[in-house]
Each structure stands twice: as C-alpha cells, then as structure tokens.
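Enquirer: Below you'll find the structure I mean.
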Amino acid sequence: MTNPVTREEIARAIRNIPDFPKAGIQFKDITPVLADARLFAGTIDWLTEHHKPGSVDAVVGIDARGFIFAAAAAIKLNAGFVPIRKKGKLPFQTHEQDYALEYGSASVAIHVDALKPGARVLLIDDLLATGGTAAAAAALVQRLGAHILEVSFVIELSFLPGREKLKGLPIRSLVVY
Ligand code: AMP
C-alpha cells in the first residue's frame, strides 16, 4: 500500500457521543470509520496482520458491531465466520454464558456445532470496556474446545479493567483511550 492508514487517522475518525445510550457513557461511534473505504480497509488490515490464509480456521465476532469487523477479517483470511450473539437470537442448539453488567447480568450464546475442537480462532469485537462480554465470548469458544490465537479490539478503554478479565489470552487493541 502506498499510503498506509495510521492509528491516528482511525482514532480521529472515531466519534465520541457523550451520554449515549445513557448519562455518563462516552459512546465510541465507529460508523465514520466504516463509511471511509480506506479507513475500514486499514482497520481490517491491522486486525489480520499477524495471520495469513491457512493459519486461522474461524474468525468469531461478538454481537453486534464485532460482526462487521470479524466478517471482513474472515474473508481476508479465507476463514469461516462464527457469530456469538446475545441470548435468544441463535436458532439452533446453543451453549450460553452469563456475565455481570453494572446492574444485573446478560448472556451470550454460540451454536453447539459452530467450532470444531482444536479450531484456531481469532476473536474480534469493536470495543473492550469492562471485559465482561469478551470474557464470556472467550469462555464459549473454549467450551467448544477451540484454541484462541488472539483477541482483538478496534478500541480499548484502558481506564476500565477489561484486560484483567482476559488474563492469559493475547489481547490487541488498535486505538486506546
Ligand atoms: P464490556 O463487556 O463492558 O467490555 O463492553 C463491551 C461491549 O459493549 C462491546 O460489545 C461494545 O460494543 C459495547 N460498549 C461498551 N462500552 C462502550 C462505549 N463506551 N462505546 C461503544 N460501545 C461500548
């Protein structure tokens, strides 16, 4: 590529929306990154740069913005795409994993036959905050006997203890706040 995309360019394109969806949350809006062909492609290049076609069996994406990045990365790596969805959305038999939210709890699910034991997996979400979602997703992947090569995020909120929850897994993030 003649003009490689920089982290700074991607960081500049991420839009901060204060108090969305509720007071006190600084929502990181990635839609301007997606809308820019060069920045979107640059993000996918970064997500896949440690891997090559043949070295990854499946890219697992987390509901919902994680799907966008994971699906594009899967195509680039000639790997399958597997969704981890919020509970109640997947039509076939599932495994479920609960995780704690600030108030209450939530649950994510994966199809029981989504990954073969030993499958080499790249796990992708748009953003790492408290780490509850990604840790639950990683637990589901491991429950199927698959091997997580890397957990990648476009954005990490480093003032929250997300990394703590993913201890033992190789974690990468492109833009860190
Ligand atoms: P957590 O489980 O706390 O790490 O939250 C991660 C999930 O919530 C990701 O799937 C994000 O899409 C979403 N999320 C959490 N905080 C934000 C934020 N400030 N801006 C955008 N998305 C967020």
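Enquirer: Using a cut-off of under 19 Å, list every residue of segment 95-112 whose amide N is near the label point 7 Å from the Cα of LYS22 along the Cα-to-beta-carbon line.
Expert: Only 99-108 pass the distance filter.
Enquirer: Let me ask you something else. For VAL176, list long-range residues whose amide hydrogen, built 1.01 Å from N in the peptide plane, is under 5 Å from its own amide hydrogen.
Expert: GLU156
Enquirer: Provide Rg over Rh for segment 68-159; use the alpha carbon set for both Rg and the Kirkwood Rh (inverse mean inverse pair distance).
Expert: Taking Rh as the inverse mean 1/r over Cα pairs, Rg/Rh reads 0.95.
Enquirer: Follow-up. On each of the three principal axes of the Cα atoms of the chain, give max minus min coordinate, whole Å, ordered largest first.
Expert: 42, 42, 30
Enquirer: So which GluC sites (Glu not before Pro) in segment 1-83 pass both tests, a DSSP loop state and at most 13 other Cβ atoms within 10 Å of the Cβ?
Expert: Passing both the DSSP loop test and the Cβ count: GLU49.
Enquirer: Viscosity 0.890 mPa s, temperature 25 °C: give me the Stokes-Einstein translational D for segment 137-177 in µm²/s, with Rh taken as the Kirkwood radius over C-alpha pairs.
Expert: It comes out at roughly 222 µm²/s.
Enquirer: Sticking with this structure for a sec: How much length is gained on full extension from GLU8 to ALA41, taking 0.36 nm per residue of separation minus their Cα-Cα distance?
Expert: Gain in length upon complete extension: 10.4 nm.
Enquirer: Hey, what do the phi angles of segment 13-29 turn into as Karplus ³J(HN,Hα) couplings, whole Hz, using 6.51/-1.76/1.60 and θ = phi - 60°, x for Gly and Pro?
Expert: 7, 6, 9, 8, 10, x, 6, 10, x, 8, 3, x, 8, 9, 7, 8, 8
Enquirer: Before rounding to the nearest 500, sum -39500 (n - 2.57) across all DSSP H runs of length at least 4 in the chain and divide by the residue total; then give [θ] at 222 nm in deg cm²/dmol.
Expert: So the helix-based figure for the chain works out to -8000 deg cm²/dmol.
Enquirer: Limiting things to C-alpha atoms, what are the Rg and the maximum Cα-Cα separation (Dmax) for segment 1-84, in angstroms?
Expert: Considering segment 1-84 through its Cα atoms, Rg and Dmax are 14.4, 45 Å.
Enquirer: If contacts are Cα pairs under 8 angstrom and at least 6 residues apart, what is the relative contact order of segment 94-170 in percent?
Expert: Relative contact order for segment 94-170 comes out at 33 percent.
Enquirer: For segment 1-123, what's the relative contact order in percent, using C-alpha pairs closer than 8 Å and at least 6 residues apart?
Expert: It rounds to 19 percent for segment 1-123.
Enquirer: Among all stretches of the chain without exposed trypsin sites (Lys or Arg not before Pro) (DSSP loop, at most 15 other Cβ atoms within 10 Å), which one is longest?
Expert: Within the chain, the longest run free of exposed trypsin sites (Lys or Arg not before Pro) spans 90-166.
Every number here is computed from the coordinates shown, using simple stated rules; none is lab data. Keep in mind it's a predicted model, so treat the numbers as computed, not measured. Backbone-built Cβ (ideal geometry, glycine too); neighbour counts: all protein chains shown.
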